[in-house]
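Input: a single structure, listed below in structure tokens.
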Amino acid sequence: MKRFIVPFLYLLLSSLYISAQSASPVKDSNPDSVFLSLAPTPPMGWNSWNIFGCNINEKIIMEIADAMVSSGMKEAGYQYIVLDDCWQVGRDDNNNIVVDSVNFPKGIKFLADYIHSKGLKIGIYSCAGSLTCQRRPGSRGHQFQDAQQYAKWGIDYLKYDWCYNEEQNAKAAYKTMSDALKACGRPIVFSICEWGENEPWKWAKGIGHLWRITPDIRDCYNCKFDWGGVGVLNIIDVMADLHEYAGPGHWNDAEMLEVGNGGMTKDEYITHFSMWCMLAAPLMAGNDLRNMSDETVEILTNKEVIRVNQDKLGKQAIRFMDMGKQEIWAKPLENGEIALCFLNRNDSEWDLDYNWTKNTMYFAREIDLRKKEYSVRDLWAHKNIGTTQTNLKYKIPKHGVLMVRLSPIN
């Protein structure tokens, strides 16, 4: 271990930890305050786009809702079923949005009622442009009208894209829809999807609850396409510098999950899911929940790993040790605990032999491994593997992780 956390990061982590102790969502009858109180932890759910694209219909969505319950995902914390693009086909004479009556013959209100009957919530998609990415009608010029319609249908979540934006000012465009949602009379989580082009992390707090920070994810570990698609490692590297912008009610969105879609190995999917949880990213599954392997269910419903994602402090992990192909990420948790993720980017195994005392990690006055002993729990093996008084020895597979939770021993 040759590179260590620089002194300013000590102070940064300490201030993050201490300020988070007093952070709590505001709750009252004021629409702005109600809006701000939504998404106190990263939203969890499912989105139709990654696996189905435009090929969605009423039957599929209802079956997905059933599967979210029967698979154990609801019990693990997932709650939103989000219809992405292609549910809409036009506007009527009064400019009300028109639902595709072929694929959704009973309408969105029926679907919302069905999803709510399962104890779940429903999300829908629109776009800040005149057209959506698939050239369906967008919401530009109809924001308040559309928000009122979503409220009547019982919508709980809006993903708002950035295609055909016609060179609008991004902050102004998203604030208009945010104001419309705040005025619609129903609490609706607002997902800003403008791909990080206008650095929304700098202006979107209070306008939306989460904001995309990269182009669309692709089902690959390390890849980048000229037309915008990026892989897991590419997204992680962008997220690394944005930790100061995340917290209860305002999250950096690392994009939807690709777990179970077949493009990566099991270890790569475990890395994908582990790092999304470490980074306090929204967990939006993007696979076919109706046909999951046991391996996919095991990854998506790992409650110990999800617990790190849903920790009430709402801290995004920091990459405090970077050794090139080997990294250590740290995330402060409630009650003086901390999550660590040893990330192996290498194409070969990492034979880890970590000396907790020699490689001192000081995260805050409350978390000092020099002064207190901590138990070390492997969150994928679901077992304790020692304490910080002994070296941590582990063989981390290529493109894999070791994710642990440190808990102080009284």
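General remarks:
- Additional length obtainable on full extension of the chain from residue 348 to residue 32, 0.36 nm per residue less Cα span: 108.7 nm
- Rg over Rh, two decimals, the stretch 317-408 (C-alpha only, Kirkwood Rh): 0.94
- Gyration tensor verdict on the stretch 125-235 (Cα atoms; rounded if a/c is under 1.5, prolate if a/b is larger than b/c, oblate otherwise): prolate
- Seen through its C-alpha gyration tensor, with square-root eigenvalues sorted a ≥ b ≥ c, the chain comes out prolate because a/c lies at 1.5 or above while a/b is bigger than b/c.
- Between 0 and 90 degrees, the angle of helix 143-153 with respect to the longest Cα principal axis of the chain falls at about 90 degrees.
- Each of 132, 187, 169 was scored by the projection of its Cα onto the charge dipole of the chain, and the greatest displacement toward the positive side belongs to 187; charges sit on the C-beta of Lys, Arg, Asp and Glu.
- Annotation: lysines with alpha-carbon distance below 20 angstrom to residue 315 (same-chain offsets under eight excluded): 202, 205, 303, 331.
- Gyration tensor (alpha-carbon) shape descriptor, the stretch 256-374, a/c threshold 1.5: oblate
- Model label points for residue 266 and residue 240, set 7 angstrom from Cα along the Cα-to-Cβ axis, are 2.9 nm apart.
- Folded to 0 to 90 degrees: helix 170-183 orientation relative to the chain principal axis, Cα: 70
- Applying 1/(1 + (r/R0)^6) with R0 = 25 Å to the Cβ-Cβ distance of residue 116 and residue 294 gives a FRET efficiency near 0.30.
- Relative protection proxy for 246-257, 264-275, 323-334, 220-231, from highest mean packing down: 246-257, 264-275, 323-334, 220-231 (other beta-carbon atoms within 10 angstrom).
- A helix-only calculation puts the chain at -8000 deg cm²/dmol for mean residue ellipticity at 222 nm, using -39500 (n - 2.57) for each DSSP H run of at least four residues, averaged over all residues.
- Computed lengthening from residue 199 to residue 409, 0.36 nm per intervening residue step minus Cα-Cα distance: 71.5 nm
- Between residue 357 and residue 385, the modelled labels are 2.1 nm apart [label points 7 Å from Cα along Cα→Cβ].
- Distance between the modelled labels on residue 69 and residue 134, one decimal in nanometres: 2.6 nm (7 Å Cα→Cβ projection).
- Only one residue of 39, 88, 70 has its Cα farthest out toward the positive end of the dipole of the chain, where Lys and Arg carry +1 and Asp and Glu -1 on Cβ, and that residue is 39.
- Rounded tilt (10° steps) of 107-117 against the dominant C-alpha axis of the chain: 40
- Cα-centre dipole for the chain with unit charges at Cβ (Lys and Arg positive, Asp and Glu negative), debye to 20: 1000
Bear in mind that the values in this text are calculations on the coordinates, not laboratory data. As the structure is a computational prediction, the values presented were derived from the model and not from experiment. Cβ sites come from the backbone with ideal geometry, for glycine too, and all protein chains shown count toward neighbours.
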